[in-house]
Protein chains: 2
Amino acid sequence: MNPSIAKIAEIAGVSTATVSRVINNPEKVTEKTRRRVMQVINEFGYVPNEFARGLRSQKKNMVGMIIPSNKAYFLYFPSFSYFLKGVTETLASEGYYTIISMEESGVDPRTSYKNLISKNLIDGFILLELRENDPRIEYLIDHSINFVTIGRTKKNDSYTYVDLDNSQGAYLATKHLLSLNRSKILFISGEKKDCCCIHRQEGYLRALEESGIIIDNELIVNSDSSEDMSFNIVARALNQTDFDSIFAVSDMAAIGALKALEFFDKKMPVIGFDDIPISRYFKPPLTTVRQPMQEMGKLSADLLIRKLNGEKPKSELVDAELIKRESTLRFL
Amino acid sequence: MNPSIAKIAEIAGVSTATVSRVINNPEKVTEKTRRRVMQVINEFGYVPNEFARGLRSQKKNMVGMIIPSNKAYFLYFPSFSYFLKGVTETLASEGYYTIISMEESGVDPRTSYKNLISKNLIDGFILLELRENDPRIEYLIDHSINFVTIGRTKKNDSYTYVDLDNSQGAYLATKHLLSLNRSKILFISGEKKDCCCIHRQEGYLRALEESGIIIDNELIVNSDSSEDMSFNIVARALNQTDFDSIFAVSDMAAIGALKALEFFDKKMPVIGFDDIPISRYFKPPLTTVRQPMQEMGKLSADLLIRKLNGEKPKSELVDAELIKRESTLRFL
DNA sequence: GATATATATGTAAAGGATTACATTCAAATA
DNA sequence: TATTTGAATGTAATCCTTTACATATATATC
């Protein structure tokens, strides 16, 4: 079907080695022969066979991404798709392909990685939904596989990450609530081991401390970030705890909170995190913290490519943006 | 790193051919040698190198999916992610990998396909967002590349598709409005060439005709399915046209319509299409038509696999489901 | 028991590139 | 002009499988 390098070489009157050089190391070839070979390549529409190339050179031009398949992640997906766009477009521009698969639930999170690695299919990975002590990190380092994570663990000097400055995002959100003269802020966090949540809690605490407010541990609650659990948490808290505003670690949790408030006919400012599309359309529209998803996708792909080229790029922390909407503004 | 087939063969005391048979055609090997070879394979954790395999056998175990990158599609993504889950999990279970990339805007829609095909990287494709006279269909048929489409064109006997029964979905929606004693239904359609829209319009017309209602072409309007355009359409229609309910071709368009109604302080039943997550959370919660996305993903992957195995599977039409919510129920 | 047939296994080519090493050729130096 | 040096090109091995074909072994038939 497609002509092989041998055919191109024959027609151009050179060896296959020279054709290969024209493609991969043009500087090692005379201007004159380069021209001639390129002409034949173009004329015949020759494109190197990726399988042959990958087999011989061990460079596969493939990057893997294994997507968490829990429901929460899916709701979050609209923003995620911008991330995906950033990743795939950047990778494609450097000749890499993106292989995706879904995380299998109920198995060791390393299985999918193991699978792709042992098949010799992948140059590197982009890791999503990082957790403290994530076993994938050690596994990939042990197998000398290149990777970049989205998010970072506490011990983060042994790998390259792209992370939202979650702490700063939470700090902005908390400051915003403080500026509305709310000081008893219920913080609905997520799972304890979730790296994002840890940093967000940090930002929340920092803002409070900065304003000289004494931390009340009663006001910090863990959840699974779901709407339902958040509803229940707020419903219970309304009886048991004294609070005047809510900062939730995800938009869905914030929505659950708003529903609980509405149900019990209470009103107070609520902030979420992520800026999923629902937030804009919810009534009241939800104040939230937005991540530059596409940029993060781009960045992570960039860093990975540089790692694959043997560089040691520095990790990146990107800024969060507070999006103010009715759910807090109506308390101005 | 990973042991090669030669090493396994040596240790098991057989030829590489036999090892290969154990893996690919176990029925051609004695029970006894199969056992022995399998034991060595397991012991050393041998996994065939996909690049070598793909090169030699021309079976690449890769399926490509090129994702529309327009904003509308991204909002729709949460459901799309279920589709993706269906696709990747089904493909993975048969040993296929999923390569994704983003459609480049402003270029021939065939470019990305061309690229992957010429690199000899892909066994087949799943095509999204089909249009009437979609140039990709002819292109792929011409190059004898296997593919399955989501959606179908008018002329659909030359390829295999999975499609929602859009006509039936629209029929259900229209019937529902009729049951609320609304007969002057404004139909906000999408782009004229969009296959979905064509079928949805068909269902709308069928329901009306069945009830003996004379079609008023004034009531059928094309749009880009966006919230804004839909808002404007309804705003204008309120002055110029006589209608008592709205059926929009997408949830975002329905939301635009609801906002326009609210803005002009009018009330009437509105139905959307797709059941994006926003619909459930919008006020009023939106009546809409749901597609079984995960099932469609599964089905399309199934059909593609069967095509790759040389079968000629029949296309599939799946049922739509009407999800009744406040946006119509409050007019009961 | 000899022959024909079927089954299991082995040998080696092929798939299409990259690349270490060898060779050729031209320019630079003495 | 003879010699050295460096750049351009070619030769052939290599990456790791699969598979057509050849051979060996077991089974069935007469």
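Please treat every number below as a calculation from the coordinates, not as lab data. On a predicted model such as this, the values are computed, not experimentally measured, just so you know. So basically every Cβ, Gly included, is an ideal-geometry build from the backbone, and we count neighbours across all protein chains shown.
Pull up the DSSP beta bridges for chain A and report the antiparallel fraction as a percent, rounded to 5.
10
Under the Karplus relation 6.51 cos²θ - 1.76 cosθ + 1.60, θ = phi - 60°, what is the ordered set of whole-Hz ³J(HN,Hα) values for the range A:4-14, x standing for Gly and Pro?
Once rounded to whole Hz, the list reads 9, 4, 5, 5, 4, 4, 4, 5, 7, x, 9.
Once phi is turned into ³J(HN,Hα) by the Karplus curve 6.51 cos²θ - 1.76 cosθ + 1.60 with θ = phi - 60°, what whole-Hz value does each residue of the range A:174-190 show in order, with x for glycine and proline?
Coupling constants for the range A:174-190: 5, 4, 4, 5, 4, 5, 8, 6, 9, 10, 9, 8, 6, 9, 8, 8, x Hz.
Anything over 26 Å Cα to Cα? Flag those among B:LYS193/B:LYS283; A:LYS59/B:LYS119; A:LYS7/A:LYS307; A:LYS114/A:LYS155; A:LYS32/A:LYS298; A:LYS28/B:LYS119, in the order listed.
Over 26 Å apart, Cα to Cα: B:LYS193/B:LYS283; A:LYS7/A:LYS307; A:LYS32/A:LYS298.
Is the C-alpha gyration tensor of the range B:275-320 telling us rounded, prolate or oblate? Criteria: a/c under 1.5 is rounded; beyond that, a/b larger than b/c is prolate, otherwise oblate.
prolate
Which chymotrypsin sites (Phe, Trp or Tyr not before Pro) in the range A:143-216 pass both tests, a DSSP loop state and at most 14 other beta-carbon atoms within 10 Å?
none
A:LYS267 label points, 7 Å along Cα→Cβ, one per copy: pairwise distances from this copy to the rest in nm, shortest first?
From this label point to the equivalent ones elsewhere in the assembly: 2.2 nm.
If one computes P(r) from the Cα atoms of the protein assembly as shown, what percent of pairs lie at distances over 34 Å?
Percentage above 34 Å: 54.
So which trypsin sites (Lys or Arg not before Pro) in the range B:124-161 pass both tests, a DSSP loop state and at most 13 other Cβ atoms within 10 Å of the Cβ?
Passing both the DSSP loop test and the Cβ count: B:LYS154, B:LYS155.
Once the Cα atoms of helix B:195-210 and of chain B are each reduced to a long axis, what angle between those two axes, in degrees from 0 to 90 to the nearest 10, is obtained?
The angle comes out at about 50 degrees.
Which value in nm describes the separation of the simple spin-label points at A:PHE263 and B:GLU210, placed 7 Å from the Cα toward the beta carbon?
3.8
Which of the peptides B:265-276, A:206-217 is most tightly packed, and how do the rest follow, going by the mean number of other Cβ atoms within 10 Å of each residue?
B:265-276, A:206-217
Could you tell me the extents of the range B:7-68's C-alpha atoms along the three principal axes, largest first, rounded to whole Å?
51, 23, 17
Which residue, chosen from A:VAL318, B:ASN49, B:ASN146, occupies the Cα position most advanced towards the positive end of the dipole of the protein assembly as shown, where the dipole is computed from +1 (Lys, Arg) and -1 (Asp, Glu) charges on Cβ about the Cα centre?
B:ASN49
In nm, what does the list of distances from A:LYS312 to its counterparts in the other copies look like, shortest first, when each label sits 7 Å along Cα to Cβ?
6.1
Helix A:77-93 versus the longest principal axis of chain A: what angle, 0 to 90°, nearest 10, using Cα atoms?
The two axes meet at around 20 degrees.
In the range B:1-107, what trypsin sites (Lys or Arg not before Pro) fall in a loop by DSSP, with at most 15 other Cβ atoms inside 10 Å?
Of the trypsin sites (Lys or Arg not before Pro), the ones in loops of the range B:1-107 whose Cβ has at most 15 other Cβ atoms within 10 Å are B:LYS59.
Please compute the alpha carbon radius of gyration of the range B:43-160, then divide it by the globular-protein estimate 2.2 N^0.38 Å. Two decimals is fine.
1.15
Working from the alpha-carbon coordinates of chain A, get Rg over Rh, Rh being the Kirkwood radius.
Reported Rg/Rh (Cα atoms, Kirkwood Rh): 1.13.
Once amide H atoms are built 1.01 Å from N in the peptide plane, which residues 5 or more positions from A:VAL289, or in another chain, come under 5 Å H to H?
A:GLY272, A:PHE273, A:ASP274, A:ASP275, A:ILE323
Give or take rounding to whole Å, what are the principal axis extents of the alpha carbon atoms in the range A:240-295, in descending order?
That gives 42, 20, 13 Å along the principal axes, largest extent first.
Give a residue-ordered list of calculated ³J(HN,Hα) values for the range A:254-267 (Karplus: 6.51 cos²θ - 1.76 cosθ + 1.60, θ = phi - 60°; whole Hz; x for Gly, Pro).
5, 5, x, 5, 4, 5, 5, 4, 4, 4, 9, 6, 10, 9
Give me B:ILE122, A:ILE117 ranked fewest to most by other Cβ atoms within 10 Å of their Cβ, as a rough exposure proxy.
A:ILE117, B:ILE122
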